[in-house]
Amino acid sequence: MSLKCTCIGTPADCTGLGLSEALFPSLPDLVLSGINVGSNCGYNIVYSGTVAGAREAFIYGIPSASISYDWKYGDINVNDFILAAQACLPIIDGIINAIKNKTNPKKCFLNIDLPTDIANHKVSLVAAFKYILLNPYV
């Protein structure tokens, strides 16, 4: 039997409900919020719903990351999200390995902003994540 449910609310509401144990018998190892359209850099991080979803998990003590895709206004299609998701896979794999090895940053959540030209930035994204893992207090 598989459990299927829908939650209509802000990303933080959905995260909070998912972590309340009202729907699931145990807590997840990792919460991912996103991929949303639009950058969550600078002041945008303060009012981003995607970031709020990751922040809610952090408040519960669950490792989390928000993922945003910086897109060209008026020029986005499903293939952009496929590329963005593919670019995130090595980063997510790195996060999961860090959690298993207990080397993940403990006093923060991660905010991943994918660049517009995602196809040409995959290596630098992985390098940036490795830098964060090696320097968790930056």
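The residue that is farthest from Phe109 (Cα to Cα), among those in the stretch 31-81 that are in a helix (DSSP H, G or I) and of a type in the set (Asp, Glu), is Asp80.
For the stretch 82-115, which positions are of a type in the set (D, E, K, R), part of a helix (DSSP H, G or I) and more than 15 Å from the chain's Cα centre (by Cα)?
Listed by number, the list holds a single entry, Lys100.
Contact map, the stretch 107-119: first residue under 15 Å from Ala85 (Cβ atoms), second residue surrounded by fewer than 19 Cβ atoms within 10 Å (Cβ to Cβ) and among the small types (Gly, Ala, Ser), Cβ cut-off under 6 Å, separation 6 or more or different chains; pairs are Asp113/Ser39.
Can you name the residue in the stretch 116-126 that is in a helix (DSSP H, G or I) and farther than 25 Å from Ala57 by Cα and, of all such residues, is modelled with the lowest pLDDT? Show your work before the answer.
Here is the first cut: in the stretch 116-126, the ones in a helix (DSSP H, G or I) are 118-120, 122-126.
Narrowing further to those that are farther than 25 Å from Ala57 by Cα: 118-120, 122-124.
On the way: Ile118: 77, Ala119: 71, Asn120: 69, Lys122: 54, Val123: 51, Ser124: 54.
Among those that are in a helix (DSSP H, G or I) and farther than 25 Å from Ala57 by Cα, it is Val123.
Filtering the stretch 1-30 to residues that are part of a helix (DSSP H, G or I) and out of contact with any Ser or Thr (no Cβ under 6 Å at 6 or more places or on another chain) leaves Ala12, Asp13, Cys14, Thr15, Gly16, Leu17, Gly18, Leu19.
The values are calculated or read from the model by the stated rules, or taken from the named source; none is laboratory data. Source: prediction; values computed, not measured. Because the Cβ atoms are built from the backbone with ideal geometry, glycine has one as well, and the counts that use them run over all protein chains shown.
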